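> Quick one: the structure is below, questions incoming.
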Amino acid sequence: QVQVLESGGGLVQAGGSLKLSCTASGLISQITAMSWYREAPGKKRELIATITSTGIKHYEDFAKGRFTISSGSGKNTVDLQMNNLKPEDTAVYYCRPDGVETSWGQGTQVTVSS
């Protein structure tokens, strides 16, 4: 099984930036892709972006132009750079690996004030 640990969240003013990081541990060699999700209060958890093990990236429409997913400094890490943040980006952010047995991590809280 693969475990994940998200970090980097915090409180930021609208228009600001944050960089989230996710570190996976366990059977990381079997991971085929890593994705970032978010869950806002009262809303369903939604996909933000995915990066495959070969570096192919996919973004949901709302994330294009403001969010950038990338492989972190380690083989088992993935980052999410978020720019020009808006109050509606307030949510708990989660990462999740594909291709392996896993469970949701605790996430990292992002709060954007207006």
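The values are calculated or read from the model by the stated rules, or taken from the named source; none is laboratory data. Small disclaimer: the values here were computed from a predicted structure and weren't measured. To get the accessible areas, we keep the full protein, side chains included, count just its heavy atoms, and leave off ligands, DNA and RNA. Shrake-Rupley method; radii C 1.70, N 1.55, O 1.52, S 1.80 Å.
> Averaged per residue, what accessible area in Å² does the chain show with a 1.4 Å probe, protein chains only?
Normalised by residue count, the accessible surface of the chain is 53 Å².
> Report ³J(HN,Hα) in whole Hz for each residue of segment 57-66, in order, from the Karplus equation J = 6.51 cos²θ - 1.76 cosθ + 1.60 where θ = phi - 60°; Gly and Pro get x.
10, 9, 10, 6, 4, 5, 8, 5, x, 10
> I've got another one for you. Would you list, by chain and number, the aspartates and glutamates whose Cα falls below 15 Å from the Cα of Lys19, excluding same-chain residues fewer than 8 positions away?
Glu6, Asp79, Asp89
> Sequence-distant or interchain residues sharing an amide H contact under 5 Å with Thr90, placed H: which?
Val112
> Turning to a different aspect of this structure: What are the equivalent ellipsoid semi-axes of the chain, built from the alpha-carbon gyration tensor (square roots of five times its eigenvalues), in whole angstrom, biggest first?
23, 14, 12
> Okay, next question. Provide the per-residue ³J(HN,Hα) series for segment 106-113, in order, calculated from phi with Karplus coefficients 6.51, -1.76, 1.60 and θ = phi - 60°, each as a whole number of Hz, with x at glycine and proline positions.
In residue order, the calculated couplings are 6, x, 9, 7, 10, 10, 10, 8 Hz.
> Taking θ = phi - 60°, what integer Hz values does the Karplus form 6.51 cos²θ - 1.76 cosθ + 1.60 yield along segment 9-20, in sequence order, with x for Gly and Pro?
Rounded to whole hertz, the list is x, x, 9, 9, 7, 4, x, x, 10, 9, 10, 9.
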